[in-house]
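Below is one structure; the comments refer to it alone.
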Amino acid sequence: MKAVQFFFRCWLAGCLGATGVAMAAPLDALLTADTHLNPWQAQVEIAYDAVNDQVDILKIRARDPVFGGSNVGDYSGLHLRSIYQLPYRLSLYGDWWQREISYRADRQALRTWQLAMQYRLFEGNNWSRSSYAVRLSGWSNAASTLSKSTPTTLFDNTLDTITVTDPKDRQLQVDFLGSWRLGDRSELSGFLGTGRSRVSIGSVAGTATLDGCPYNVSFANGIITTRLASPCRNLLTVVLTAPGPDVNREVAYSARYVQAGGMLQWHDLDWRLSGGYQYQVLRRDVIDDLITSRGGSAYRTNHVLVGEVARKVGASSAVFLRGQLMSNQFVGEMPFAYNSVTASKFGNRYGLATVGFLHAF
């Protein structure tokens, strides 16, 4: 158990950011019932996201007692978000995020996708100035592998590398939205939603050196297997097995969640200001009970604030600057990073900065 606990602490604290890296879909705080697009019109957002010392204006990273001033938790990525407005009040959404998080010499590549369909149930007249919609979405986070390439001490021996293959999560979510025009230049939106999530992994394995010979180490079905590797394998093949942790029980789980929030938006001919808030509560099967039974703290909530400034640069285009702050890392937004042994890291805050371009056509 200590081996797996150490690895997953490294996985989150190192690979996913010691200062706090998220289960609501990305940027749910900016949900609105009205796309403000005409039928058959589309909008595309292309943006760059980052976390590093240069954009840490709130000094969240700098104040970390262990990793402050290092590259641990540095984040960079690109994302593409799109909306396609169909007739009959129906909108389609498709998003893709490519993320990279640093831990010393290691860089972890993560990907996120989301597909959504939104139907406007009611659109008010000039007197009521309101719109209501229902939204159904599916989204996921995944990585081919998450690995740590530097030596780690386990059971008085040194594990040279350790790797998790195929970690991923899958979510299905439904939200009810309302938008109310407060005047010619401002709008208030609110949402209430619920969803289900499933987290899984492929395998956990590593390598070690003992008496000058390399060994491959794997964890599966509650068994630790140690196998002599090349070049020593040509002289003698040794396979050792011993009882070990049930990895799936520690990191794979199902969850349910509810969320609520809203956005206030103001605009004139050239500028748009937006501020959104999201609150989420989660209930996870098995994992949180394991955490609390061992004296740990399970993090079941997250507060997310999003602010955005956009400037029109053409008849149908704009550039924008966006900031996002989470009270509990990526709790809810990146579920596969949360498990029975990484949960203690999710008490930290985390922030993202984004610069991007919008175009409607």
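Here are some notes:
- Meets criteria (crowded, with 21+ Cβ neighbours inside 10 Å and at pLDDT below 85) for V204: yes
- Of the strands (runs of 3 or more DSSP E) lying entirely inside the range 254-361, the ones with 3 or more residues being more than 16 Å from S197 (Cβ to Cβ) and of a type in the set (F, W, Y) are found at 271-284.
- Residue count, the range 159-201 (criterion: of a type in the set (K, R), at pLDDT 95 or above and surrounded by fewer than 16 Cβ atoms within 10 Å (Cβ to Cβ)): 1
- Members of the range 263-292 that are under 21 Å from A310 (Cα atoms), in contact with a helix residue (DSSP H, G or I) (Cβ under 8 Å, 6 or more places away or on another chain) and not hydroxyl-bearing (S, T, Y): M263, G276, Q278
- Within the range 258-273, tally of residues that are closer than 11 Å to S189 by Cβ and out of contact with any Gly (no Cβ under 7 Å at 6 or more places or on another chain): 1
- When the residues of the range 43-60 are filtered to those that are modelled with pLDDT under 90 and not in a loop (DSSP other than H, G, I, E, B), the one that is nearest to F361 (Cα to Cα) is A50.
- Residue in the range 224-237 that is part of a loop (DSSP other than H, G, I, E, B) and either surrounded by 13 or more Cβ atoms within 10 Å (Cβ to Cβ) or of a type in the set (K, R) (or both) present: yes
Condition check ((1) within 16 Å of G332 (Cα to Cα); (2) modelled with pLDDT under 90; (3) in contact with a Phe, Trp or Tyr (Cβ under 6 Å, 6 or more places away or on another chain)) across all residues:
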position	(1), (2), (3)
S230	no, yes, no
N234	no, yes, no
T237	no, yes, no
S254	yes, no, no
R272	no, no, no
R284	yes, no, yes
A298	yes, no, no
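- Which listed residue, of G323, G276, G332, G314, is of a type outside the set (D, E, K, R) and touching a Phe, Trp or Tyr at 6+ places or on another chain (Cβ under 9 Å): G332
- Candidate set: the range 305-361, residues that are surrounded by fewer than 18 Cβ atoms within 10 Å (Cβ to Cβ) and either of a type in the set (S, T, Y) or closer than 20 Å to S254 by Cβ (or both); chosen: the one modelled with the highest pLDDT: S317
The values are calculated or read from the model by the stated rules, or taken from the named source; none is laboratory data. Predicted model only: the values in this text are computed from it and were never measured. Cβ coordinates were reconstructed from backbone atoms using ideal geometry, including for glycine residues, and neighbour counts include every protein chain displayed.
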